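Read through the structure below, which is laid out as structure tokens, and then see the notes.
The values are calculated or read from the model by the stated rules, or taken from the named source; none is laboratory data. Nothing here was measured: the structure is a model prediction, and the numbers come from that model. Heads up, the Cβs are rebuilt from the backbone with ideal geometry, glycines too, and the neighbour counts pull from every protein chain shown. Accessible surface is based on the protein model in full, side chains and every heavy atom, while ligands, DNA and RNA are left aside. Shrake-Rupley method; radii C 1.70, N 1.55, O 1.52, S 1.80 Å.
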Amino acid sequence: MQFLSSSGSKARRTLLRPSVVAAGIALAVTVATGIFAEYQNRVLHRQSLRADVSEQLGLIRARLEGNINANIQLVRGLVAVIATEPDIDQQRFSRIAESLFEDHSQLRNIAAAPDLVVSLLYPIEGNEKALGLDYRTNESQREAALRAVETGDLVLAGPVNLLQGGKGFIGRFPVYVETETGDQSLWGIVSAVVDVDSLYADSGLYDDELPIEIAIAGKDALNSDSTVFFGSPELFEYEPVISDVTLPSGSWRIAAIPRGGWAQTPPNVWQMRSLIFIGGLLVILPIFIAGLLYDQRLTHLRQLRRSEDQLKKLSRRLRLALDTSRIGVWELNLATQQLTWDDRMRELYGIAEGGEVKAYDVWLNALHKDDRERAEREFQGASEAGRTYKSEFRVVSPDGSTRWIRAIGSVHTNARGQRYIVGVNWDVSADIQMKTRLMAAKHNAEYRNRELEDARAQMERNSLHDSLTGLPNRRFLDERLFRSGAGRTVTAMLHIDLDRFKHINDTLGHAAGDAMLVHAASILKSNIGQGDFVARIGGDEFVIVTTSATNEERLSALAGRIIEEMRRPVPYENHQCRFGVSIGVALASPDTADYGKRLLIDADIALYRAKSKGRNRFEFFSDSLKAEIVRNKRVADDILNGLERQEFLPFFQPQFDAKTLQIVGVEALARWMHPTEGLRLPDTFLGIADELNVVPLIDRTILEQTLWQSTRWKAAGVHIPRMSVNVSAGRLNDADLIDRLDGLAIEPNTLSFELLESIFLDEGNEVVAGNIERLKTLGIDVEMDDFGTGYASIVSLINLRPARLKIDRRLVKPIVGSRSQRRLVASIIEMGQSLGIQAVAEGVETMDHAVILRDLGCDILQGYAFAPPMPSEELMSFVREERWRQVA
């Protein structure tokens, strides 16, 4: 609060300084005078401009009036002649008019209209259109003509657009003749056309050196009319000088402003401002300087008093600081070597009060013998060079105790030219001890940091390398190859996967698996070249990265060597372990955007192809393989989208009793109604759907739609005894299959599940066997599909006892021309009959097939010979119309 009060008082004193007040008053008076002077200068300049414009406008007005009146007077002479010669002919008229045109005039043509019809004209050439003009019927000129007749005086109209082209002012003179009774009778009208451009040019309006801009208003000589017919209408809005052009039948309003507009700034404005500025300076500067000198004197007096007060305060503070900080002050005369110490210095060096300390040697002898030479050298160097003296040393007190002293000093010269060095000493023994402990702690911390750094480096190496094989791991591959940009130096990649490794791991244990991995790593390392490296990126997956120049031939040789060496048996605890490798190879091309990431993906795709072709082989990545992968990916995406959009639907193929040809059931076959490609058959999507593990979802979709369609058939009166739907192995292995069927409206003995023959193995899965038995208890028959193409045995048929065997179409097709094939099919039918299993023949393409199969004892026929698969709506029509009987 004290500080704020002091600042406020200082501000008030500054505002009340005489120099500021006087200068402010002088400045205000000077500014006001300057503003008034400039205003007067502008007023005078504007008045001068208007006078100049008025003068120029007067000349133009006089010329206009003179030219127009001269033309009118010439025509008046012709009017007088006509009044005395009312029967004047064209020849006489032309001779008189020609004399008028010889004078300096702006007349363009003259026309006489006896009885208000133009019959006399000069010049006739170029004005033929005006002959015969009747003023009484001409809409554009009747009003002006009648006005001239009514007023009995000249009427000046225009400017108007002329029939002959161009513009002009038309003066119409009524002509009266004296009758025998002495009265005045209207003879007609004489019209004279004054050319606009000639009038303006002769009056000076087109003069390029004219210093003013002009606008004229008052069409038809009507002063009250505001129509501007010359110049810009906006000119009347800029405070123009206005005058009237007096005409015989009225007047025009003519306005003028300087060319370019009224100049707001007088030409001598800067001279005037300069005079005002110089005058102001001559008044303000002496007043301000005098006030400033007075203020400086007052300021110096105040600063002197303030400095004295501050010096006293600083002296007290310094003494208090020295007393509390226990700093000793010393001074040495460099010429006489006379030394002066204060009481604290005596205390620091252990010298009793009253002891003699006037000589330089007193300080020198008190120094520790190990520090004496260095301390004296530092002191002498600073005093001789005149630089700041800084030093740390030990002193030995008379009682034998040692303490550390820190000294700082500075050389200065007094008014008599004597050189002194003045400085301070203080005890820093505690600081030195702390510094010693800190240095020891620092060394200990540095040692620990080195240990931590070594541990971190080891951890970093462990994080980038596989602990079992010592090979780089996936993180090493990512960080060192892909993220650093080094992938551009990669020329090829081999993605390697061990075959039968899981079997060894499961049968002989993880130790055996680890031994195989180490063995595989050693083979891979021994086959790579300089600059290449091997990385283990998964459980039994490795990657070889080559950075040297290579080609497909070399890579094929490398992959072949690795496959050959991996085939060799590996001894492990009295076992000969055998495993192989599948290898995917990707070769970099110049247009590859990201060699590292892209090549690893390509090599993985090639590995997938190698494993799908039988393993223990290598495959190169190619554009065709990539296109296939992209195509499969697109189909996979479409399948997933199709499941969401309910695009999968059942087509139904009827099944017939072989003897009566009655419909005994239908098989629901999956179809995909693709939004762009139309109807797609199972062989185009089931393989990819199986890889996506969505075949069970398709099966369930077909089952649900089949059950829903069966309710429609019943409602429509169409009798279908049984429906068969395909069930994948994945669904049959689902332990929750029966629970999932509980929510469906399944009528017992109307539904059959067709299972692939490959599910019926001798050593059956307990889940599969259990599900089949539970299906039978629900009244759902089980059928074996595609029988004769798999590995099912008679034992599996006896154990699982399916309701029907479906003989594969590949076995049915040749029976027409092959007796052996016919006997094979007959044996299957007989085997089924012996076990109480019905036989269903698929692929019955002709009636010959149907007859043979019936004679062989086949129970049910299915195929295109009777009906193709069809949607539900078509099936209902097919059943109602019994179309198959026509074929049979």
### Task
Keeping all protein chains in place, calculate the accessible area per residue for region 284-394 (probe 1.4 angstrom), answer in Å².
68
### Query
Relative to the present Cα-Cα distance, how much length would full extension add between Ser48 and Thr227 at 0.36 nm per residue of separation?
61.5 nm
### Task
First compute the accessible area of region 169-286 with a 1.4 Å probe, then give the percent of it belonging to carbon and sulfur atoms.
54
### Where Lys219, Lys129 fall by accessible area, highest first, once all protein chains stay in place (1.4 Å)
Lys129, Lys219
### Query
When the accessible area of region 736-865 is computed with all protein chains present and a 1.4 Å probe, what percentage of it is carbon and sulfur?
50
### Task
Give a residue-ordered list of calculated ³J(HN,Hα) values for region 386-393 (Karplus: 6.51 cos²θ - 1.76 cosθ + 1.60, θ = phi - 60°; whole Hz; x for Gly, Pro).
x, 9, 5, 9, 9, 6, 10, 7
### Message
At 1.567 mPa s and 4 °C, plugging the Kirkwood radius over alpha-carbon pairs of region 240-287 into Stokes-Einstein gives what diffusion coefficient in µm²/s?
### Response
87
### Task
Compare the peptides 598-606, 631-639 by average per-residue count of other Cβ atoms within 10 angstrom and give them in order, highest first.
598-606, 631-639
### Summary
In cubic angstrom per residue, the convex hull of region 415-550 built on its Cα atoms measures 241
### Query
Where does each of 525-533, 746-754 land if you order them by average Cβ count within 10 Å, highest first?
746-754, 525-533
### Query
Using a 1.4 Å probe, what is the accessible area per residue for region 398-476, in Å²?
68
### Query
All other residues with a Cβ under 13 Å from the Cβ of Phe656 taken together, and with Lys, Arg as +1 and Asp, Glu as -1, what is their net charge?
0
### Query
Antiparallel DSSP bridges in the chain: what percent, to the nearest 5?
80
### Task
Just the Kirkwood number for region 779-853, please: inverse of mean 1/r across all distinct Cα pairs, in Å, one decimal.
12.7
### Task
Take Ile629, Ile88 and sort them by solvent-accessible surface of the protein heavy atoms, 1.4 Å probe, largest at the top.
Ile629, Ile88
### Message
Students often get this wrong, so check it: of Lys597/Lys626; Lys312/Lys358; Lys369/Lys390; Lys502/Lys613; Lys390/Lys435; Lys633/Lys813, which have C-alpha atoms separated by over 24 Å?
### Response
Lys312/Lys358; Lys633/Lys813
### Query
Can you pull the accessible area of Thr246 for me, 1.4 Å probe, Å² to the nearest 10?
80
### Message
What would the Debye equation give as log₁₀ I(q)/I(0) for the chain at q = 0.05, 0.08, 0.10 Å⁻¹, counting only Cα atoms as equal point scatterers?
### Response
-0.82, -0.95, -1.25
### Query
Rg to Rh for region 160-201: what is it, with Cα atoms only and Rh by Kirkwood?
1.25
## Note on the structure
Out of Ala826, Gly863, Ala441 - ranked by how far each Cα lies towards the positive end of the dipole of the chain, with unit charges on the beta-carbon of charged residues - the top one is Ala441
### Task
Give me the percent of DSSP beta bridges within region 516-641 that run antiparallel, rounded to the nearest 5.
70
## Note on the structure
Taking 0.36 nm per residue of separation between Arg885 and Thr684 and subtracting their Cα-Cα distance, the length gained on full extension comes to 69.1 nm
### Task
Please give the residues of region 249-265, grouped as numeric ranges, whose backbone N is less than 12 Å from a label point set 7 Å along the Cα-to-Cβ vector of Thr151.
249-252
### Task
Using only the Cα atoms of region 608-670, each taken as one equal point scatterer with no solvent, compute I(q) by the Debye sum, divide by I(0), and report log10 of the ratio at q = 0.14, 0.18, 0.24 Å⁻¹.
-0.70, -0.79, -0.99
### Task
May I ask for the distance between the Cα centers of region 137-214 and region 430-454, given as a whole number of Å?
119
### Task
May I ask you to list the residues of region 153-189 whose amide nitrogen lies under 18 Å from a point 7 Å from Cα along the Cα→beta-carbon direction of Arg142?
189
## Note on the structure
With all protein chains present and a 1.4 Å probe, the order of Ile408, Ile688 from largest accessible area down is Ile408, Ile688
### Average Cα contact separation per residue, region 593-676, under 8 Å, 6 or more apart, as relative contact order %
18
### Message
Order 66-78, 648-660, 204-216 from most to least packed using the mean count of other Cβ atoms within 10 Å.
### Response
648-660, 66-78, 204-216
### Task
Report Rg (one decimal) and Dmax (nearest whole number) for region 609-747, counting Cα atoms only, units Å.
18.7, 60
### Query
Given a 1.4 Å probe and every protein chain left where it sits, what share in percent of the accessible area of region 53-128 is carbon and sulfur?
48
### Message
If you take every residue apart from Tyr122 with its C-beta less than 10 Å away from the C-beta of Tyr122, what net charge results, scoring Lys and Arg +1 and Asp and Glu -1?
### Response
-1
### Query
So for the pair Ser589, Ala735, with labels modelled 7 Å out along Cα→Cβ, what separation do we get in nm?
5.0
### Task
Give me the net charge of Thr30's neighbourhood, meaning all other residues with Cβ under 13 Å from the Cβ of Thr30; Lys, Arg count +1, Asp, Glu -1.
0
### Message
Taking the Cα centroid of region 232-304 and of region 615-661, what is the distance between the two, rounded to the nearest whole Å?
### Response
94
### Query
When ligands, DNA and RNA are left out and all protein chains stay put, how many square angstrom of accessible area per residue does region 56-139 have with a 1.4 Å probe?
50
### Query
Nearest 20 debye, what's the magnitude of the dipole of the chain about its Cα centre given +1 on Lys and Arg Cβ and -1 on Asp and Glu Cβ?
5480
### Query
Once the Cα gyration tensor of region 41-92 is found, what semi-axes does its equivalent ellipsoid get, as square roots of 5 times the eigenvalues, in whole Å, sorted largest first?
48, 7, 5
### Query
How big is the Cα convex hull of region 355-410 in projection, averaged over all directions, in nm²?
4.1
